[in-house]
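Laboratory data are not the source of any read-out in this text; all were calculated from the coordinates shown. Predicted, not measured: the structure shown is a model, and the values here were computed from it. Heads up, the Cβs are rebuilt from the backbone with ideal geometry, glycines too, and the neighbour counts pull from every protein chain shown.
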Amino acid sequence: MRAMWHRVSAVDELPVSGGKEFVIDGRIVAIFRSGTEIFAMDGICPHAGGPLAEGTMQNGIVTCPWHGWQFQISTGQHCLNSRIRQSCFPVKVEDAAVFVELP
């Protein structure tokens, strides 16, 4: 199956320093905006299924609102356990719209 780009939002609809959840082809994706950069990752925390997009974001790290697991928004890397990494997805902005590529 070929990866596809999906329009998810206008840039200005995303919180400036936070996340927003989207369902794309049945998959929950968390989109984070940090300054002028936008990142996308699997939106379900692997610990207990918490909604990562609803977590707090500071210095490029999102903290799951349920149990405090933390991930780098740019890489998906868990902050304490190098064996845990969330899937991240390519993002592009065209004409002020955000697109995410999913496999």
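Things to note:
- Qualifying residue in the range 35-50 (condition: surrounded by fewer than 16 Cβ atoms within 10 Å (Cβ to Cβ) and at positive phi): yes
- The range 18-34, residues that are over 10 Å from Ala53 (Cα atoms) and either without any contact (Cβ under 8 Å) to a residue 40 or more places away in the chain or surrounded by 13 or more Cβ atoms within 10 Å (Cβ to Cβ) (or both): Val23, Ile24, Gly26, Arg27, Arg33, Ser34
- Screening Ala96 against (1) in contact (Cβ under 8 Å) with a residue 60 or more places away in the chain; (2) out of contact with any helix residue (DSSP H, G or I) (no Cβ under 6 Å at 6 or more places or on another chain) leaves a single unmet condition, (2).
- Test set (1) in contact (Cβ under 8 Å) with a residue 12 or more places away in the chain; (2) within 12 Å of the chain's Cα centre (by Cα); (3) in a strand (DSSP E or B) - Thr75 fails condition number: (3)
- Residue, nearest to Gly43 (Cα to Cα), within the range 71-103, restricted to residues that are surrounded by fewer than 11 Cβ atoms within 10 Å (Cβ to Cβ) and acidic (Asp, Glu): Glu94
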